Amino acid sequence: MKQKYPFRLGTTSYIIPDDILPNVRFLASKVDDVELVLFEVDDGYNNLPDQKTISELYQIGSAEDLSYTIHLPTDLDFTGDSFTLEKSLSKAKRTIEKTLPLAPWAYVLHLDGKHLINDKKPESKQIWQDKALSFVEQLKTWTGQGDLLAIENLEKYPPDFWDEVIALTDASRCIDIGHLWLDGHDPSPYLDQRLSQTRVIHIHGIEERDHKSLQFVPDDSILQVLQQLKNQSYKGVVTIEVFDLEDLESSLKAFERHHHIFEVPNGS
């Protein structure tokens, strides 16, 4: 495959029922980027790659022109007490320092604030924002550059929930199209306003739940997204965020149906 599109098309590190390294070996000739999903990095058993695995991942990436995005653990909590904060910072630091040798395209970050969705007090949002800014600034000291942190929009939140934090930092965005579809939002205006700040895009279909094949998404909706990426000359990563080979293969076919929009006419 190796970059059929102006952007880097990728998927997750859990497509076949095996660990990260066998998945990357399997995917290396099929995609341009693999999102290393590191949800568990606690003490004891975890899926944070060891040094030998990191070295092998680097070698595969170099040989196959494969980039990596790193999904930071989703349970990072910067709003709790000092013990919880330090535990989350330690977990983030371990993940970043372990994977930096891979020269990741981005670190995808969740900034949770569910308690604010029904809390209309301005002071509550300000407290959350101050803590979020401090958390992002600390993570930047480990990534080395702010735009490597790609803050993701999450489901069941207002789409503009993270705008102020991103505006006050040099963090980038991870736009999750699937989350927008799940909440009934049209991604077009969201992309129009924010794509220039975006380093990673997640896309996935919705059946009984999200993170399913794009075969469950109307072709017109997929075409609309791809047309916007073309119109704005997007050259970042687009991750088909599914966790099953059948879902990946049918999603790639959905992309292929619209590949013609990226073709340069003869004589141009």
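The values are calculated or read from the model by the stated rules, or taken from the named source; none is laboratory data. As the structure is a prediction and not an experimental result, all values here were calculated from the model. Virtual Cβ from ideal backbone geometry, glycine too; neighbours counted across all protein chains shown.
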May I ask you to list the residues in the range 155-175 that are farther than 23 Å from residue 103 by Cβ and part of a loop (DSSP other than H, G, I, E, B)? 155, 156, 157, 158, 159, 160, 161, 162, 168
I'm trying to understand the selection: among the residues of the range 1-14, which are modelled with pLDDT of 95 or more and either assigned to a loop (DSSP other than H, G, I, E, B) or surrounded by fewer than 19 Cβ atoms within 10 Å (Cβ to Cβ) (or both)? 5, 6, 7, 13, 14
Can you give me the number of residues within the range 15-29 that are touching a residue at least 60 places away in the same chain (Cβ under 8 Å) and either part of a helix (DSSP H, G or I) or surrounded by fewer than 19 Cβ atoms within 10 Å (Cβ to Cβ) (or both)? 1
Find the helices (runs of 4 or more DSSP H) located wholly in the range 180-261 whose residues include 3 or more that are touching a residue at least 60 places away in the same chain (Cβ under 8 Å), and list them. 245-256
If residue 177 satisfies every condition in (1) crowded, with 21+ Cβ neighbours inside 10 Å; (2) touching a His at 6+ places or on another chain (Cβ under 8 Å); (3) among the hydrophobic types (A, V, I, L, M, F, W, C); (4) within 19 Å of residue 107 (Cβ to Cβ) but one, which is the exception? (4)
Among residues of the range 137-156 being at pLDDT below 95 and not charged (D, E, K, R), the residue nearest to the chain's Cα centre (by Cα) is 146
Scanning the range 116-154 for residues that are in contact with a strand residue (DSSP E or B) (Cβ under 8 Å, 6 or more places away or on another chain) and not in a helix (DSSP H, G or I), the one surrounded by the fewest Cβ atoms within 10 Å (Cβ to Cβ) turns out to be 154
Is there a residue being farther than 25 Å from residue 38 by Cα and surrounded by fewer than 18 Cβ atoms within 10 Å (Cβ to Cβ) anywhere in the range 199-212? no
